[in-house]
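This report refers to the structure that appears directly beneath it.
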Amino acid sequence: MTGQVEAQLWQLAREVEPTPTQKAGAQGSHNYLRGLLNTGQMAQRITNSYLSGSYARDTAIRPIDDVDVVFEIDPTAWGGGSILLAPLPPPERVLESFANAIRYRYPVSSVFGQRRSVRLSLYHLDIDVVPAVPDRQQPWLVSIPDRDSGEWIRSAPRKHQAVAAEVNALRQG
């Protein structure tokens, strides 16, 4: 009986797993966006980018409806003094500059400002762009803009991903 239930659960997991075509489409789209944003003035502002969320953790279900991309930025590129002494720029300003850069690069796609990110809506996928300022003392931490509060909040997307990967490995996927 236990073996039968386990087999049914594995079958269910296979049925909700995104198809190779969906995974390839998502990968191509987020890589293309990352390449485009690493041009022009944004290239001087972005220091790194990486995936976050369910797609990055390989826990997204079919169909893949969104991909989260964290863009680490140099906050001094929005004005101010040194990276160690300058206050962070206003969250709205950073989010709007990302929205404008994406609109410029995707003139026929919809771009929406969200509370802590900018959403690019493509025909097959939404990509959430999350600007983040890395913490120099604690590299697993970042500060992300919050449009509603006007503040920068702490988050640990890489740590979340590492913990989820560890649990996933312990459970054999």
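The values are calculated or read from the model by the stated rules, or taken from the named source; none is laboratory data. Predicted, not measured: the structure shown is a model, and the values here were computed from it. Note: ideal-geometry Cβ built from the backbone for every residue, glycine included; neighbour counts use all protein chains shown. These area figures cover heavy atoms from the full protein model, side chains too; ligands, DNA and RNA do not enter into them. Shrake-Rupley method; radii C 1.70, N 1.55, O 1.52, S 1.80 Å.
Glu151 falls short on exactly one of the conditions (1) farther than 22 Å from Thr39 by Cα; (2) of a type in the set (Asp, Glu); (3) surrounded by 14 or more Cβ atoms within 10 Å (Cβ to Cβ), and that condition is (3). Looking across region 19-38 at every residue that is of a type in the set (Ser, Thr, Tyr) and free of Cβ contacts under 8 Å to residues at least 40 places away in the same chain, the one that is farthest from Ala77 (Cα to Cα) is identified as Thr21.
Applying the criterion of being without any contact (Cβ under 8 Å) to a residue 60 or more places away in the chain and aliphatic (A, V, I, L, M) to the residues of region 145-173, the residue that is farthest from Pro63 (Cα to Cα) is Ile153.
Being among the aliphatic types (A, V, I, L, M) and open to solvent by less than 10 Å² (accessible area, probe 1.4 Å), is that true of even one residue in region 110-121? Yes, region 110-121 has at least one match.
For region 8-72, no helices (runs of 4 or more DSSP H) sit wholly inside it while including 3 or more residues that are within 23 Å of Tyr106 (Cβ to Cβ) and among the acidic types (Asp, Glu). Yes or no: Val16 hydrophobic (A, V, I, L, M, F, W, C), touching a residue at least 12 places away in the same chain (Cβ under 8 Å) and surrounded by 18 or more Cβ atoms within 10 Å (Cβ to Cβ)? So Val16 fails the test.
Restricting attention to region 115-138, the residues that are of a type outside the set (Ser, Thr, Tyr) and under 14 Å from Val67 (Cβ atoms) total 11.
Within region 107-141, the set of residues being free of Cβ contacts under 8 Å to residues at least 60 places away in the same chain, over 16 Å from Ile46 (Cα atoms) and in a loop (DSSP other than H, G, I, E, B) comprises Pro107, Val108, Ser109, Gln114, Arg115, Arg116, Tyr123, Gln137, Gln138, Pro139, Trp140, Leu141. In region 122-148, what residues are open to solvent by less than 20 Å² (accessible area, probe 1.4 Å), among the charged types (D, E, K, R) and under 18 Å from Pro89 (Cβ atoms)? Correct list: Asp146 only. Each residue in region 85-106 was checked for being open to solvent by 60 Å² or more (accessible area, probe 1.4 Å), in contact with a helix residue (DSSP H, G or I) (Cβ under 7 Å, 6 or more places away or on another chain) and part of a loop (DSSP other than H, G, I, E, B), and 1 pass.
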